[in-house]
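**Q** Dropping a structure here in structure tokens format, bear with me for questions.
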Amino acid sequence: MTKTVTVNERDVLLVVDIQNDFCPGGALAVPRGDEVVAPINLLAGNFAHVVLTQDWHPPGHLSFASSHPGRRPFDTIMAPYGPQVLWPDHCVQGTRGAEFREDLHIPHAELVLRKGYRRGIDSYSAFCENDRKTPTGLAGYLRERGFERIFLAGLAFDFCVRYSAADARREGFGVIVVEDCCRAIDLEGSAAATRESLQALDAVCVTADRMVPASTPR
Ligand SMILES: [Zn+2]
């Protein structure tokens, strides 16, 4: 059993891509993705500081299978920056699918970080786009705010949460993934591979019930 984790002023919760298209009924639904919304609302109550990420693609984005004649969703292509999985069109800027879920209720969130808005580069990570060269600016923001540990929750565990966690470690932050507040797409064993890679990165996996807000007497 994981020991409890006390949340402090230098902690920030990064809520990843809780958008209509990633939930059942959406264009790129993560199985049972909607189940995390209520627990994340509760989890966010433990944090003074919360950042939301939003996948935010222009029409005709390189990651869309529809942009590559003859290709189908979940094929992999060689993009100029390396292999890229193709997805159904999703989270197109200004559409309902790109909006946050209506039942996501974190009014005290301090920043909405949009990613994937360059037509030719996808961005799984909230820190660095898939070319592994283009920063989103989030590391600089979090550093300037003085945060030390980043807690992650959201969709999908094995893509945007995984790559965001890895980059956060690389940027020198402590990383804690609240695993029961995530759901996976699980393409060819990607959920198990994510667990292994998080361990190797020294990222901690916890469940939401282990979290203690700083103000709670113990
Ligand atoms: Zn996307």
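Every read-out reported here was derived from the displayed coordinates using simple, explicitly stated rules and does not represent laboratory data. Nothing here was measured: the structure is a model prediction, and the numbers come from that model. Every residue, glycine among them, receives a Cβ derived from its backbone with ideal geometry; neighbour counts consider all protein chains shown.
**Q** Give, in nm to one decimal, the length gained when the segment between Thr95 and Thr4 is fully stretched (0.36 nm per residue of separation minus the Cα-Cα distance).
**A** On the way: separation 91, 0.36 × 91 = 32.76 nm, distance 3.98 nm.
Difference between extended and current length: 28.8 nm.
**Q** Can you give the charge dipole size of the chain about its Cα centre, rounded to the nearest 20 debye, using +1 on the beta carbon of Lys and Arg and -1 on the beta carbon of Asp and Glu?
**A** Details: 23 positive and 28 negative charges, 82 e Å.
Roughly 400 debye, rounded to the nearest 20.
**Q** When the Kirkwood radius is taken over all Cα pairs of the chain, what Stokes-Einstein diffusion coefficient follows at 37 °C and 0.692 mPa s, in µm²/s?
**A** Values: Rh = 17.4 Å.
So the translational diffusion coefficient is about 189 µm²/s.
**Q** Only sites in a loop by DSSP and with at most 13 other Cβ atoms within 10 Å count here; which GluC sites (Glu not before Pro) in the stretch 161-218 make the cut? Working shown, then result.
**A** Numbers: sites: Glu171, Glu179, Glu188, Glu196; in loops: Glu171, Glu188.
Those satisfying the criteria are Glu188.
**Q** Alpha carbon centre of the stretch 1-45 versus the stretch 135-162: separation in Å?
**A** Here the answer is 13 Å between Cα centres.
**Q** In 5 Å bins starting at 0, how do the alpha-carbon pair distances of the stretch 100-218 split up by percent?
**A** Spelled out bin by bin, the stretch 100-218 gives 2, 10, 19, 22, 23, 15, 6, 2, 1, 0, 0 percent.
**Q** Any idea what log10 I(q)/I(0) is at q = 0.17 Å⁻¹ for the stretch 7-112, Debye with uniform C-alpha scatterers and no solvent?
**A** Values returned for q = 0.17 Å⁻¹ are -0.83.
**Q** On to the next question. Springs between alpha-carbon atoms under 10 Å, Gaussian network over the chain: tell me which of Tyr117, Tyr81, Tyr163 tops the mean-square fluctuations.
**A** Among Tyr117, Tyr81, Tyr163, the largest mean-square fluctuation in the Gaussian network model of the chain belongs to Tyr81.
**Q** Stretch Ser66-Lys133 to full length: gain in nm at 0.36 nm per residue minus the Cα-Cα span? Show your work: numbers first, answer last.
**A** Details: separation 67, 0.36 × 67 = 24.12 nm, distance 2.55 nm.
Extra length from Ser66 to Lys133 when fully extended: 21.6 nm.
**Q** Evaluate the relative contact order of the stretch 18-151 (contact order divided by residue number), counting alpha-carbon pairs under 8 angstrom at least 6 apart; express in whole percent.
**A** Values: 217 pairs, mean separation 36.4, N = 134.
Rounded, it is 27 percent for the stretch 18-151.
**Q** Starting from the Cα-Cα distance between Ser197 and Leu111, subtract it from 0.36 nm times their residue separation and give me the gain in nm to one decimal. Don't jump to the answer; show the numbers that get you there.
**A** On the way: separation 86, 0.36 × 86 = 30.96 nm, distance 2.75 nm.
Full extension of this stretch gives 28.2 nm more.
**Q** So for the stretch 98-218, averaging the separation of alpha carbon pairs under 8 Å that are six or more residues apart and normalising by length, what relative contact order in percent results? Could you put the intermediate results ahead of the total?
**A** Working: 150 pairs, mean separation 23.6, N = 121.
So the answer I get is 20 percent.
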